[in-house]
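Before any comments, here is the structure.
The values are calculated or read from the model by the stated rules, or taken from the named source; none is laboratory data. Small disclaimer: the values here were computed from a predicted structure and weren't measured. Counting neighbours? That spans all protein chains shown, and the Cβs are built from the backbone with ideal geometry, glycine included. Keep in mind that these areas ignore ligands, DNA and RNA; they rest on the heavy atoms of the full protein, side chains included. Shrake-Rupley method; radii C 1.70, N 1.55, O 1.52, S 1.80 Å.
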Amino acid sequence: MRMAQRETVVLTNMCMIYDHEGNVLVQDRLDPNWPGVTFPGGHVEPGESFTGAVIREVREETGLTIEAPQLCGLKQFWEDDGTRYIVFLYKTDRFSGELRSSQEGKVFWIKRDGLPNYQLAVSFAEMLRVFEDDGVGELYSHWEDGAYLRELL
C-alpha cells in the first residue's frame, strides 16, 4: 500500500540569540496554549524563505535585527488534527537594535545557566539540547503505544 505523498504541515522557527558573556535572550510567552519562557520565533509565511522568516519574526518580537542565523536543528510534533508542526531552530550572536517586548510576550536577557530558575515552556528544556549539542539535530515528539514520547535524535 502506498502512503500519501502530501500532508498538512505548519512551518515555524525559533532563534537562540546569545552574547559572549553567557547571556541568552528569552521571551516569556503570553499564549495560554504554550506559555512560559522560550526563545523568540514564529510562523513562516507563504513564499518566504526559512531564514528570512526567522529574521522577520525576531525583529517583530524583540526589536532586534539578527544576522547570519545558523540552522542548528528542528523540532517536530503532530497536532490533534494530524497536522505536522515543524520548528526550524536557529542561533546567532550577531544582532543590533533596541530590545522591546511585543504582544507575544516580554523579552529579556538572562544568564544561560539561570534558565532552570524560570517556568519554561513545555519541551523547551529538551529543545535546548538541539540548540547547544552539535550531536543532536532533532526533537521528535510523537505518540507510540499510547505514550507521548519526546526523542532527541
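Annotation note: Cβ proximity below 6 Å between a residue of segment 112-130 that is more than 19 Å from LEU30 (Cα to Cα) and a residue that is surrounded by 14 or more Cβ atoms within 10 Å (Cβ to Cβ) and aliphatic (A, V, I, L, M) (sequence gap 6+ or interchain) occurs for ARG112/VAL24; GLU126/LEU139; MET127/LEU139; ARG129/VAL136; ARG129/LEU152; VAL130/LEU89; VAL130/VAL136; VAL130/LEU139.
Run down LEU74, LEU64 and say which single residue is in contact with a Gly (Cβ under 9 Å, 6 or more places away or on another chain) and free of Cβ contacts under 8 Å to residues at least 60 places away in the same chain. Working first, answer last.
Values: LEU74 fails: free of Cβ contacts under 8 Å to residues at least 60 places away in the same chain.
So the residue among LEU74, LEU64 that is in contact with a Gly (Cβ under 9 Å, 6 or more places away or on another chain) and free of Cβ contacts under 8 Å to residues at least 60 places away in the same chain is LEU64.
I'm checking my understanding of the structure. Among residues of segment 56-80 that are in contact with a Phe, Trp or Tyr (Cβ under 9 Å, 6 or more places away or on another chain) and among the hydrophobic types (A, V, I, L, M, F, W, C), which one is nearest to GLU7 (Cα to Cα)? Result: TRP78. Against the test of being surrounded by fewer than 16 Cβ atoms within 10 Å (Cβ to Cβ) and assigned to a strand (DSSP E or B), the options LEU139, LEU99, LEU74, LEU149 yield a single qualifying residue, LEU149.
For segment 43-71, a residue qualifies if it is open to solvent by 80 Å² or more (accessible area, probe 1.4 Å), part of a helix (DSSP H, G or I) and either modelled with pLDDT under 95 or not aromatic (Phe, Trp, Tyr) (or both), and the qualifying residues are ARG59, GLU60.
Scanning segment 21-35 for residues that are surrounded by 13 or more Cβ atoms within 10 Å (Cβ to Cβ) and either modelled with pLDDT of 95 or more or over 20 Å from SER123 (Cα atoms) (or both) gives ASN23, VAL24, LEU25, VAL26, GLN27, ASP28. Note on segment 43-67: among residues that are of a type outside the set (Val, Ile, Thr) and in contact with a strand residue (DSSP E or B) (Cβ under 6 Å, 6 or more places away or on another chain), the one that is nearest to LEU11 (Cα to Cα) is HIS43.
Scan segment 1-20 and tell me whether some residue there is basic (Lys, Arg), out of contact with any Lys or Arg (no Cβ under 6 Å at 6 or more places or on another chain) and surrounded by 12 or more Cβ atoms within 10 Å (Cβ to Cβ).
Of the residues in segment 1-20, the ones basic (Lys, Arg) are 2, 6.
Now narrow it down to the ones that are out of contact with any Lys or Arg (no Cβ under 6 Å at 6 or more places or on another chain): 2, 6.
Then drop every residue that is not surrounded by 12 or more Cβ atoms within 10 Å (Cβ to Cβ), which leaves none.
No, every residue in segment 1-20 fails to be basic (Lys, Arg), out of contact with any Lys or Arg (no Cβ under 6 Å at 6 or more places or on another chain) and surrounded by 12 or more Cβ atoms within 10 Å (Cβ to Cβ).
Here's a check for you: in segment 77-96, which residue that is outside any loop (DSSP other than H, G, I, E, B) and touching a Pro at 6+ places or on another chain (Cβ under 9 Å) is farthest from GLY137 (Cα to Cα)?
Initial filter on segment 77-96 (outside any loop (DSSP other than H, G, I, E, B)): 77-78, 84-92, 95-96.
Those still in the list that are touching a Pro at 6+ places or on another chain (Cβ under 9 Å) too: 90-92.
Values: TYR90: 11, LYS91: 13, THR92: 16 Å.
Across segment 77-96, the extreme among qualifying residues is THR92.
For segment 124-133, the criterion of being more than 16 Å from the chain's Cα centre (by Cα), charged (D, E, K, R) and either loosely packed, with under 14 Cβ neighbours inside 10 Å or under 18 Å from LEU64 (Cα atoms) (or both) is met by no residue.
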